[in-house]
Structures are given as C-alpha cells and as structure tokens.
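Here's the structure we're looking at; comments come further down.
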4 protein chains.
Amino acid sequence: MITASIIGGTGYTGGELLRLLAGHPHVEVEYVTSRKEAGKKITKIHPHLKGIKKFENLEFMDVDVDKIDSDVVFCATPHGASMKIVPQLIEKGLKVIDLSGDYRFEDIKVYEEWYGLKHIGVLEGVKIAYGLPELHRDEIKDAQLVANPGCFPTGAILAVAPLVKEGIIEERIIIDSKTGVSGAGVNPTETTHFPNVNEDISPYKITTHRHTPEIEKELKKLGNAKVSFTPHLAPLTRGILTTAHTFIREDVKREDIIELYKKFYKNEPFIRIFDDGKVSLTAVRGTNFCDIGGFEIDRNGRLVIISAIDNLVKGASGQAIQNMNIMFGFEETLSLLFGGLRP
Amino acid sequence: MITASIIGGTGYTGGELLRLLAGHPHVEVEYVTSRKEAGKKITKIHPHLKGIKKFENLEFMDVDVDKIDSDVVFCATPHGASMKIVPQLIEKGLKVIDLSGDYRFEDIKVYEEWYGLKHIGVLEGVKIAYGLPELHRDEIKDAQLVANPGCFPTGAILAVAPLVKEGIIEERIIIDSKTGVSGAGVNPTETTHFPNVNEDISPYKITTHRHTPEIEKELKKLGNAKVSFTPHLAPLTRGILTTAHTFIREDVKREDIIELYKKFYKNEPFIRIFDDGKVSLTAVRGTNFCDIGGFEIDRNGRLVIISAIDNLVKGASGQAIQNMNIMFGFEETLSLLFGGLRP
Amino acid sequence: MITASIIGGTGYTGGELLRLLAGHPHVEVEYVTSRKEAGKKITKIHPHLKGIKKFENLEFMDVDVDKIDSDVVFCATPHGASMKIVPQLIEKGLKVIDLSGDYRFEDIKVYEEWYGLKHIGVLEGVKIAYGLPELHRDEIKDAQLVANPGCFPTGAILAVAPLVKEGIIEERIIIDSKTGVSGAGVNPTETTHFPNVNEDISPYKITTHRHTPEIEKELKKLGNAKVSFTPHLAPLTRGILTTAHTFIREDVKREDIIELYKKFYKNEPFIRIFDDGKVSLTAVRGTNFCDIGGFEIDRNGRLVIISAIDNLVKGASGQAIQNMNIMFGFEETLSLLFGGLRP
Amino acid sequence: MITASIIGGTGYTGGELLRLLAGHPHVEVEYVTSRKEAGKKITKIHPHLKGIKKFENLEFMDVDVDKIDSDVVFCATPHGASMKIVPQLIEKGLKVIDLSGDYRFEDIKVYEEWYGLKHIGVLEGVKIAYGLPELHRDEIKDAQLVANPGCFPTGAILAVAPLVKEGIIEERIIIDSKTGVSGAGVNPTETTHFPNVNEDISPYKITTHRHTPEIEKELKKLGNAKVSFTPHLAPLTRGILTTAHTFIREDVKREDIIELYKKFYKNEPFIRIFDDGKVSLTAVRGTNFCDIGGFEIDRNGRLVIISAIDNLVKGASGQAIQNMNIMFGFEETLSLLFGGLRP
C-alpha cells in the first residue's frame, strides 16, 4: 500500500484522479489540496464520488508542501504553478507526477518561447521522464518526476508514432484535432459558455497552440517530422478525436499499415487497433484506452490515421495513474482496465 | 464463482450488463445471445469492451434455451419476448432476472390493459420479486425470478416512497420525468433521429405511458397514491431526472423531510441524499446510484422531490446486477460501487 | 418611418431586437447603447448581423439618456437597471418597451418581495400595459410604457389562460418548464459552463423563481389560480417547453378543450394550436409563435397542456416588437411572420 | 411574379426552400410533390411553416411531371432520381435548379465513377451551369439548368478559390470538414441515431466522399489543385465548418491574404470576410452567408483558411434561391438577406 496526494484537487483532472484511484487496491489517498475549498469535504465539490467509502471523510486541505510526505504526489496544477511546487516536492525525495506542461520539454527555451514564461523551477540531476508509457516505459520506471503528457499530444503522438518510426511518411504532418469542452477546465469563460459552444465547432489557436512543439519534439525522437497542428472545440464534454493527415513516401497498402500498428503496439494494454478503421469517442469514454483507426490512403498519397481518447483519462489523469503503476512496480493496468461508457 | 448468461446481448442494456460484469469477481459470462449477430465477437458490436480480457473470445450465440444452463440468466429482451423465454428458463430451474415489463405486475389484467398484449407466459407457484432492493430486498433474496423495474419507475418510486409510506402527502402525485435518448434503445427511429432530438425537449405518451401503473401499484403498497405521469425526451444520452410534485397534508418543514429520507434510506448503499437539494445526472452517470434532492415546499403546499438516476444502470442493468448479488448472497455492491462520470 | 433605440444592446435580447428589426420596413434603428462596447461596430459583437446594410455603420454608443429621442426605446436592461432609466425616458415623452421585470407588477409589494429590491422608479399617472398582446392588446395600444412579459410567464400564461378563463379547472396549477440556456444571458457563469449543462437537466429555484407571481397575477385576472412553478435548465440554446399539469373540475373531452383553445385564440396571428397535441421547440425556433398542444386528460382528471416558444423571441424581443407594432398602429405581424428554423 | 414548384418537398432542403420562399415577393409556390405524403397539407410535415399564409392551403401532390409547368422547378431529389426527372422538365422548356449531384460534372465519367451509377439522363445542347454564383454568375444567368453545388464543395471551394486563382499555394490542399447531422437528411439511420452522434465526432468516407472530385474540378478551373478531403459528422444539427490546410509557395503575410480575399469577394453579398479570423456556425445559422476566416500561417508554411456555412442554406436551398434570383433577373439577395440565428 502506498500513499498518494493530489495538489489542486477541485478541477476536472483532480476529480478524475480520485474517481480512478477509488478502485486502486494499493493506494490510499492522503491529502487533496485546494486553496479555495480547504476544509470542505471533497464530495461537496465532487458529488459524483459521494458514497465511495474511501473518500467519505476526506476533506480538502490548504496547500502546505511541508505537510505532504506521501509516496507519490500528483500535481494537477496549471503550468506556471507546477514549477513552483514540484522542486519542493522533489527536494523532499517524493515521487511526483506533474500534469502541467512545465516539465515536458528537455529544451527549456522551447518551453519558454511557447508558454511565454520564464521557467523558474528548472531541475538539475533529477530523473525526469515524459510520461507516455508506450514510448518511454523504461524511463518512467526509473523516474523521480514524470511529466504527464498533454491531452492533444497523447492522441496525436500515438496516432502517428509508428509511421514516423518506420519512416514511410513525409515529414510534413497535419494534425487536425477536435476536443470536448472539459479540456478547457472547470472555470467558466466566454469560450465555455453553453450558447457559444452548442451548435458550433470552433478552431482556436489555429497555428499557435502550445501542444504543437510537444507533439513535434516527441515525434522527432522517432524520425523526421514537421508538425502543423490545429485544435477545434466541439460541442461535447469529453474526448479528443485526432485526424492525422500524412503523406506516404512510397506505395504501401492499407493492410501493411494496419499490420505495422498492430506490431508496434503489440503489448500495449491501452492501445486498441480497429481493423475496420472505425473509432469513436464513446468507446473510450471514461477509460484509459487510445483507439486507433482510419488507415485509409487516397489518390494523392494522403494516409489518414484517426485516434480517439478521453482527454481527462488517457489524456490526463488515467495516464498519470498508469505512470504511477509503472513507477511503483504495480501491474500497469491496475484500477484502469474497464470498458467505455457507451452510449 | 457463478455463471451468467444474457439473452438479447446487442442492445444497450446488454452492453451495460457486460460492462458492469467485467469487474465482478464471482461471475463468469457464459452465453450472450443475439439472433442477428450470432457468430460475431461481442466486441464487434460493443467496441467499448475491446481489450477487456474476460470478453476477448466471447461471441454472440443464437438463442437456444436448451443450451443455456448458467446459474443466472439475464433477459434483456423486450416485453412480449420475455414471456416466451422466461417460463422455459424457470422450468429448467435457473434463476432469472428479466429486464422487461412482462413480470412486473401481480395483476395480469393491469399488464394486459396497459401493454395491449395477452400474457401467454403466466407463471404459477414461482417466487417472483419486483426487483427494487430498497423496497423488496427480502423477497429478492428468495426469488427464482426477479422482475427488474422499469427505468422511470425506479426514479419515481424511490423519489416519493418515504412520503407515501409516512402518509404526509395527498394521494395526488405528479411525476414529470425527463429522460435521455438511450432509453429508446439501440434501434434508430424518427424519435431518435438526431435533428429531431437536438435543441428540443418533447413530452411523449403524455398520459398513457406504461410505466404509470407500475409506479402506482408499488406506491399503493406503501400508502395512498394516485399517480399522474408524463415523460419527456431530452437531448442527452443517459439519465432520468424526475421531478415529483406532491402536496403536503400538514405543515412540515424542509428539514423534517430531509430527515425522513435519511432515515428511510439509512442503510441503502445506492441512495444518496443531498441536503442542499441539488442533484445532477452527471453525478450518477454510469453508476448504480439514485440521488435524491429538491426537498422544497412552496406557498401552496407543494413539496418537490427530485431524483436522478442513470437509466441504463440503476434504471436497468446495474439494478439487475444488484439483484443478482442479493439473490446469490454476494456483497450487494459488488462491481457496482464507483463514482459517476462527471463531467 | 419611426426611429427606435435600444438600451443594452450587447446581450441576447439586444441582438434579437436588431435581427428582427433588420427587416422592419417602418423602423430605423437610431441608437444602440453599451457601456462596455461604446464606439465599436455592432457587428463586432453581433457577427451574425454583418452584411445587413441597415446596420453596416451602426456603432454602440455610451448610455446617455439625454441624447436619446427616438420614437420608441427598448430597454434590454436587467431588472433593477430599468427602474433607473425608464422614468427618465417617460419624462421625455418617449414610448418605452421595457424587457425587464421592473414594471410588470401592478402591486409593487409583490415585486419588491420576489425581486428583493426596493423599487425606486415607481411611475404615477403613466399608462403602463403588461405586454402580452393576446390578453392586453387594447391597453398596449394606448400605453406609453409596455412591460414586456417574462419568458416563462409568456409560455405558461398562454398555455392555461383559456382554461382559467373558462373556469373548468381547479385553481391548483403546476407549471413544469424546461428552458434553453440562452435564457441565462450572455455572461458566462458556473450555471452556463458547457460541461455543467451538457448531458444534464437541472431544476433551479425550484419553488422560488420570480416568474411565479407574474404568472399567477395574470391568471388571477381571468379566474381562480394558485400557481406552483418549477423551471429546469435543459441542454439546448433556445426555447421554453412548458408542461402545465392542471385538474379538470368536470367531465370534459379532449375535443372540447381543443375547441376552446381554437376559439380563444381565433384571431391571434402568433398562436398555433396543434390538434394532434404535438409541439416542438424547433418549429418555433427563431420565431414569434407560441405553439400549443398536449390536450390530454388522464384517469385522474389531470389535463396536460404543452406550450413551446422561443424564449428570445416570443419570450422577449419578438414580443417586444409585436408590442411596438401595436403601439404604433403598424400591422401587428410586421417583420415577425416567418417560419421556424427547423431542423 | 413567377411560379415555382418543388419536387421532393418533405425533406430538409424542401422545407428550407419553402421557409425561404415564404418571404419572396416575386415567387408563388405552385406544386410541392411527395410520393408518400400526397394529399396532406405541407404544414403537417413542416409544422414550423404553420401560420404562414402563403402556404396555408398548400398540399403535397403526387409527382406528375405532366402537370408541372411552373416557371422554375427545384428538384430536391436524391442523386439518381434527378437524372430521371430533370430531362423531362427541360424538355418541357422549364427552368430547373437541381439540388442533387447528377448534373454537377462536365465529365460524366467522373460522376459515374464516384457515384457508382450509370448516368441515364445526360443532356446535350442544354445550357447547364454549376450554381456557385461567386464563380459562375454569368453562366447561371443564361442557364436553363443549374446544378446546385454540394454542401461541402460550397464551403471548401469558397474557402480556397482566391488562393488557387492567385497561384500562391502548392497544389496539395487538405480539406478537413465538420458537418451537422441535417446533412444526412430526414430519414433516421444508425448514423443519425442520437446516442451514436451525441458526445462523439466521427470521420466518415475518410478518403472516398463524392464531394471530393466536385471540389477538385472546380478548383482546377482556377489553377493547380490536388484535393484531399475528409468529412466529419459533428453533434450539431446545422452547419459546415471547413478547415482548409494549404501550403504557401512563397513568403506572404496574413495581411496580404486577407486583402486578397477582400478583393476577390468584393462585390459578393453573401461572403463575409472576418479580419480577426474568427468565424462561427451560429453567425451563419439559417442564412445564405459564407463566412471566411482563419488566415493564419504557421512555421511550416501552412496557411489555414476556415469557412462556415449553413449546409441547408448556402449549402443547398438558399443557394438554389440565389441562383433562381440570378436566372430570373431578380435582385440576387431577395428573400435571403437576414442575420443568423445566434445564439
């Protein structure tokens, strides 16, 4: 049995960490912090968790790094905030899984350029892993700090990694993603106002989204890649559907592509390859699966790969728990292997 | 370990039975039938269950009652169909949980009148229980056949049972329910056509819905009740929100009502009472909980109770598994106790 | 040709006034005010109006009552704000149509009790009409100030007025309404945050909504009525579906009720009676129609009437323009008679 | 005053033709055909049009080409059906606007290959125009038959035409479109079943959609173009949002691109260019506008153009009426110039 704490427990990723940890046989949740809600029962903010014994008496506490000495700490804090807290936790010798963008970049300059921030919490001599188990499992095993991937990068990288690795596509890759609104977080804004979302679908940060360099730097580790990324906000709560438009360099067949994916992800418990090409967000809803389909090639040599994830699970909290399982030597799928909420 | 079979496994309730049984430690799924899809893998029809080892090699089989000898059989068949199959299963000595309306009525005439069908499978000398554990737990324990309640009745009966039992409201009860579209089943019709549902909310069978006499006969077991029921189709997939308009007979306070509910449902693992009155469909989404709130009394002595359930879980498959747990002496919450998919 | 101004032009009702006035042959829009957006083109805030020549050069101006001397002024201001502005406009001799609740009550005490405000703009000796043309057309004709009805009251009053007038129902009336989110206005709040609305339906102000006394006082002018009202927020943008549960006092038939409604609303251009009982929000979307259906009576003498309106049109801006047409002797349907946006 | 008839009047495009023609001062609707609904009032099928005097007594008639001799006939018939009817109408000397794909291709072989049909209604010596006024206004003026463009092609062609004409992009063009469900028509299918659409977004006919060659052949008239097209079904009723990923051939600036578009579409009443790049489906909802934005260029030379249309209006019936106005010398915007239904 290990103990876990969550810094920033009132948001959607905090809620999902709790929902998923509820069923984990080896983890006890110790502290859940919230500046605003300190002293309140966590079920007051997360009514969906009421009736779960594990959390019955759990209350939000104020953020006090001194008090936290759990075996693992999840930082469900925004970028900019994590860089202030993570170094303190690392200093204390705790294992940390950070859900923000602050520790995802090896090259701090890229981070600072795209995030428009000075990074004031750079860590030297600490084992940091980029927490995408399908590509970095061994590093995660040994890491003290895991930088949990962004939601769009998870769907995008998994969608095209086999192609880049195999070198059968041109370096130009177009990622056209569609995300549910929960990705915007728990705080209401003009962007998330129901009448502004409903009956619309909106591209945003069309060429400037911060996840662009994250996708690109990971793919570049595998082969040639120049990533052009555009996200769209869709009128749904959960899920990211990624349409990857790539260009094949030679004559390959649909079947070869499917075979390549099956081989590449052979032992991955959370990757599901759909031969018929059809994936859907409801099949992954609430789960840690990344479903991959598409596999169609058109007259112009464009190869389309489609991936589907739940942005709050495989795109955030589920993947964080998968990383925790790896870090602590638990079975990787513990508390994470169940079917999607479909319909 | 017991074995279970599902008759009619391609619909939404079949899919939910499988999703929920996936995590049940004492149940092995033996047969899942489907006339249309016999021979296909169940994950072909239920892609959300792909990757779950328990079901990896499970295929739909044709309906053949002779072959089925599981410890328990779930009939996820429509009314009219169940009455043909259930007697055969009962004859074989199997325990049966029927999700249709065919065995919910003690008075066959009421059934025949509201369902417009001759009941050709009446069972004599068989222990049948109406499968609402909160009211009939002991009978369920001993039953060979459990008639699983309808989705609207589950939400409606649980919402007002304490009031009727206590006798503090007039017998006139107005149930105004709002349901998600999954209640209409897996087959497309004009009613479920997206452009007909979206941006609308539609009352249907305004005074003639079959669940009316089911609600009423259960409440009448507890006290006086004349039920007027109107369901509405809302543009969402899962959930039933029930607004019960009742009329108090004497001067009671909100706090007394809340106290009454807390006492009435004290030991119920799946009833959650919300003191602040606020319930939501997302808090129960995917779960077996019935959340109860409202508790407001207006100038005219109207007392409003609100309940929220997931129509496919507490309103169907989850409750069926809860009944199975009771029938077989398992812990009642097994495979059913987890938080809602919120947001 | 008359001139019109709009005070508070950035919200949804301001936008709708403009959309609908665009096609009015006798009205020129003079001033549209906005504290926040003064100096900006109105199409910057209302991009859907771009390309309409009438508004091409129209800019928001700061609120300056001294400058406004249009023939008619629409106050699309919140309650509490209208009472400060309307008296100044009335003093200048202008005709005013106020969309807030400030002037809807003959009895100021009722207003002050339900709105929790001291009314500091009471007008004496001014002809004020409650702007529901179907009940108060003659008074509107002569009024200097029209208090445009609330959205819920419009749907509720029109739904049951014939019954109350005819005296064939008990005084106890249950109004269970379902509204789209645009009713909550243009400003984002927790209530309108997409993930909080989507896949849910929420009762709110279950027994305390301000529209309750407005509905009741209008019905009481027609006969006996004790109104119990509960609104629900539904996951859609536009429309109010009202389910009125009433109780008949004697044995009447569905056909009689339909006949009664047809007679009552015989000459009303914006009331559509549906014999088959079926109304939908998409049929009225974008229009000034109020569709009425239901007309079912159950075993317990409950008679259900359903009405459907677009909350922003018949429930606000459309009705305001209908009132303007009446006040100025224009054809009542001018710029308002077109079909709903269905699907 | 001219007379118009509609063949196939029960579907969504039929309904929209009626809704839009309701306000046309020079058009009388003579016949509206429907095999299935002949004899019924059109408002029985299109309840949103009830109360519009022009249609009060209009009934569906059976399809009988002999009887039809209106000045213009709209064929709102599916592909394959139009090719059987259009030649008969043309033979009678009537002007025809066909909303199907049957007459959109100059090269019949391309049609037959992509539609999988033998074209049995090829017309020789008849003036046929592709009904996109922004590119073919003069031909439309003189045409006897106008082939109204597909919904996706309308949004896609208008989005990139200026770039292709100007020759500043590579020939490789990726069109990633997102459409509302009304594009699938009025008949319920598995694809349009609410629980299958809601909370999902689905690519379909990923590389094989019939609109691909239509987009390409039109762009090729303007310059070099190799079109790769993928449509997605989004959980909304109306609208097509097109994301066009193109690649610039030389160093151009955002401002130059915007300038190019403004010039190209200078006199177009239904094209709205948004300098800030932001377009939305609600701004065009119910209207004949095509809004164009995006105009962003990324590090890799990708230029993104976004267009938004209402698929049933500019993408079908509205454009058909625009074409009618051109063919008959009416003001081009007649009955079509009003603001979008936003929110």
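Determine the total buried accessible area between chain D and chain C, counting protein heavy atoms only with a 1.4 Å probe; round to the nearest 100 Å².
Working: alone 15480 and 15490 Å², together 28300 Å².
Buried surface at the D/C interface: approximately 2700 Å².
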Can you list, shortest first in nanometers, how far residue C:256 lies from the same residue in the other copies, with each label 7 Å from Cα toward Cβ? 3.9, 8.0, 8.1
5 Å is the cut-off here: which amide hydrogens, built 1.01 Å from N in the peptide plane, fall below it relative to residue D:75, excluding neighbours closer than 5 in sequence? D:7, D:97, D:98, D:99
So, with +1 on the Cβ of K and R and -1 on the Cβ of D and E, and no other charges, what is the size of the charge dipole of the protein assembly as shown about its Cα centre, to the nearest 20 debye? 0
Scan around residue D:172 for amide H atoms under 5 Å from its own, H built in the peptide plane at 1.01 Å from N, and keep only partners 5 or more places away or cross-chain. D:226
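Quick check on segment B:2-126: of the DSSP beta bridges with both residues there, what percent are antiparallel, nearest 5%?
In segment B:2-126, DSSP labels about 5 percent of beta bridges as antiparallel.
From the Cα trace of segment B:150-224, what convex hull volume per residue do you get, rounded to a whole Å³? If you can, show how the numbers build up before the last one.
Details: hull volume 7.3 nm³, N = 75.
Per-residue hull volume (Cα only) is 97 Å³.
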Could you work out the mean count of beta carbons from other protein chains within 10 Å of each residue's beta carbon in A:47-57? 6
What does the charge count around residue C:147 come to, taking other residues whose C-beta lies under 9 Å from its C-beta (Lys +1, Arg +1, Asp -1, Glu -1)? -1
Taking H placed 1.01 Å from N in the peptide plane, check which residues at least 5 places from residue A:32 or on another chain put their amide H under 5 Å from its amide H. A:6, A:61
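By DSSP, what percent of the beta bridges with both residues in the protein assembly as shown are antiparallel, rounded to the nearest 5? Working shown, then result.
Details: 102 of 230 bridges.
Looking only at bridges with both residues in the protein assembly as shown, the antiparallel portion is about 45 percent.
How big is the Kirkwood radius of segment B:24-63, worked out from every pair of different alpha carbons and given in Å to one decimal? Don't skip to the end; give the middle numbers.
On the way: mean 1/r = 0.0956 Å⁻¹.
Here the Kirkwood hydrodynamic radius works out to 10.5 Å.
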Under a Cβ-Cβ cut-off of 10 Å, what is the net charge of the residues other than residue A:51 that fall near it, where Lys and Arg count +1 and Asp and Glu count -1? 0
Sorting from shortest, the nanometre distances separating the label point of residue B:88 (7 Å past Cα along the line to Cβ) from those of the same residue in the other copies are 5.1, 6.8, 8.2
Computed D for chain D, Stokes-Einstein, Kirkwood radius over alpha-carbon pairs, 20 °C, 1.002 mPa s, to the nearest µm² per second, is 105
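Based on alpha-carbon positions alone, could you give the equivalent ellipsoid semi-axes of segment C:251-343 from the gyration tensor, as √(5λ), descending, whole Å? Write down the numbers at each step before the final one.
Working: eigenvalues 151, 46, 20 Å².
Semi-axes from the Cα gyration tensor: 27, 15, 10 Å.
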What is the Cα radius of gyration of the protein assembly as shown over 2.2 N^0.38 Å, N being its residue count? 0.92
Under the Debye formula (equal points on every Cα, no solvent term), log10 I(q)/I(0) of segment C:1-51 at q = 0.13, 0.19, 0.23, 0.28 Å⁻¹: -0.27, -0.59, -0.86, -1.21
HN-Hα J in Hz across segment B:196-208 - Karplus 6.51, -1.76, 1.60, θ = phi - 60°, x for Gly and Pro: 7, 9, 4, 6, 9, 8, 10, x, 8, 6, 3, 10, 10
To the nearest 500 deg cm²/dmol, what mean residue ellipticity at 222 nm is calculated for chain D from DSSP H runs of n ≥ 4 alone, each contributing -39,500 (n - 2.57), summed and divided by the residues? -8000 deg cm²/dmol
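Can you check what the Kirkwood hydrodynamic radius comes to for segment D:2-126, Cα pairs only, in Å to one decimal? Present the calculation step by step, with values, prior to reporting the outcome.
Values: mean 1/r = 0.0662 Å⁻¹.
That comes to 15.1 Å for segment D:2-126.
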If each K or R counts +1 and each D or E counts -1, the residues other than residue C:39 whose Cβ falls under 15 Å of its Cβ total +2
Once you compute Rg and the Kirkwood Rh from C-alpha atoms, what is the Rg to Rh ratio for segment A:86-127? 0.96
Could you please tell me the mean projected area of the C-alpha convex hull for segment A:211-252, averaged over all directions and given in square nanometres to one decimal? 4.3
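Let me know the mean shielding of C:298-306 by other chains, meaning the per-residue number of their Cβ atoms within 10 Å of its Cβ.
Numbers: counts 9, 8, 10, 3, 9, 2, 7, 1, 5.
The shielding value for this peptide is 6.
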Using the Karplus equation 6.51 cos²θ - 1.76 cosθ + 1.60 (θ = phi - 60°), what ³J(HN,Hα) coupling, rounded to whole Hz, does each residue of segment C:61-77 give in order, writing x for Gly and Pro? 10, 5, 6, 8, 4, 4, 7, 7, 9, 5, 5, 9, 10, 9, 9, 9, 10
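Arrange the peptides C:178-189, C:32-43 so that the one whose residues have, on average, the most other Cβ atoms within 10 Å appears first.
Listed from highest to lowest mean packing, they are C:178-189, C:32-43.
Quote the relative contact order of chain C in percent (integer), defining contacts as alpha-carbon pairs under 8 Å separated by 6+ residues. Let's see the in-between values first.
Working: 740 pairs, mean separation 58.4, N = 343.
Averaging sequence separation for qualifying contacts and normalising by length gives 17 percent for chain C.
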One quarter of the convex hull surface, Cα atoms only: what value does that give for segment A:151-311 in nm²? 9.4
What pairs in C:50/D:53; D:95/D:165; A:44/B:253; C:92/C:217; C:165/C:266 have C-alpha atoms more than 20 Å from each other? C:50/D:53; D:95/D:165; A:44/B:253; C:92/C:217
Gaussian network model of chain B, Cα springs within a sub-10 Å range: biggest mean-square fluctuation belongs to which of B:173, B:309, B:45? B:45
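Express the Stokes-Einstein translational diffusion coefficient of segment A:101-168 in µm² s⁻¹, to the nearest whole number, given a Kirkwood radius over alpha-carbon pairs, 25 °C and a viscosity of 0.890 mPa s.
On the way: Rh = 13.2 Å.
It diffuses with D of about 185 µm²/s by this estimate.
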Among residues of chain C, the one whose beta-carbon sits nearest the axis that rotates C onto B, given with its distance in integer Å, is C:176, 2
Label distances, nm, residue C:62 versus same residue in remaining copies, Cβ-directed 7 Å point: 4.3, 7.2, 8.4
For segment D:1-135, what does the relative contact order come out to in percent, with C-alpha contacts under 8 Å and a separation of six or more? 22
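The values are calculated or read from the model by the stated rules, or taken from the named source; none is laboratory data. Remember, predicted model here, so these are calculated numbers, not experimental data. With ideal geometry, Cβ positions are generated from the backbone for all residues, glycine too; neighbour counts draw on all protein chains shown. Just the protein is used for accessible areas: all its heavy atoms, side chains included, with ligands, DNA and RNA removed. Shrake-Rupley method; radii C 1.70, N 1.55, O 1.52, S 1.80 Å.
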